[in-house]
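What follows draws every value from the coordinates through simple rules; no lab data is involved. These numbers come from a predicted model, not from an experiment. In this analysis, Cβ positions are derived from the backbone assuming ideal geometry, glycine residues included, and neighbour counts consider all displayed protein chains.
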Amino acid sequence: MLKSQGGSFKDCQKLYDMKKSDDVPHYKNQAVVDLVPKGGKLPLCGDIYICLYDADVGSKDDKMCSLWFNTSFITPGGSWMLEKPNVDKACKNKKNFVPEFKLELFFEG
């Protein structure tokens with residue numbers, strides 16, 4: 001998860017990297033997956049970039065999907081549901097993402 005300092009990707013600061021923070025969980029063909037940062041809370045502010053990778057053993061990890069959002073559009077204590085057409089790369093990928101694919105983000109106040 002990255003926070004943008006100046007509106008461009010190269011100016012981002014890495015806030016959280018699950019691969020470096022935890023044992024990376026592997027999910028395959030599961031209807032629901034909870035990805036919770038170690039410690040349970042991650043303070044966010046400004047432009048946020050979330051990217052999900054497949055974790056290949058012995059080869060480079062591939063970006064599966066990603067999204068940008070700004071926290072000014074988020075209601076504290078609320079959630080944000082993104083369906084497949086609204087998630088970068090997932091929207092065109094019929095092989096790895098079922099039509100019912102969704103990402104739901106939960107925010108504490």
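The residues neighbouring Leu67, those whose beta-carbon lies less than 10 Å from its own, together hold a net charge of 0 under the Lys/Arg +1, Asp/Glu -1 convention.
Taken along the Cα-to-beta-carbon direction at a fixed 7 Å, the label points for Trp68 and Leu42 span 1.8 nm. Among the chymotrypsin sites (Phe, Trp or Tyr not before Pro) within the stretch 47-109, those in coil by DSSP and having at most 14 neighbouring Cβ atoms inside 10 Å are Phe107. For trypsin sites (Lys or Arg not before Pro), the sites in the stretch 75-104 that DSSP calls loop and that have at most 11 other Cβ atoms within 10 Å are Lys94, Lys95.
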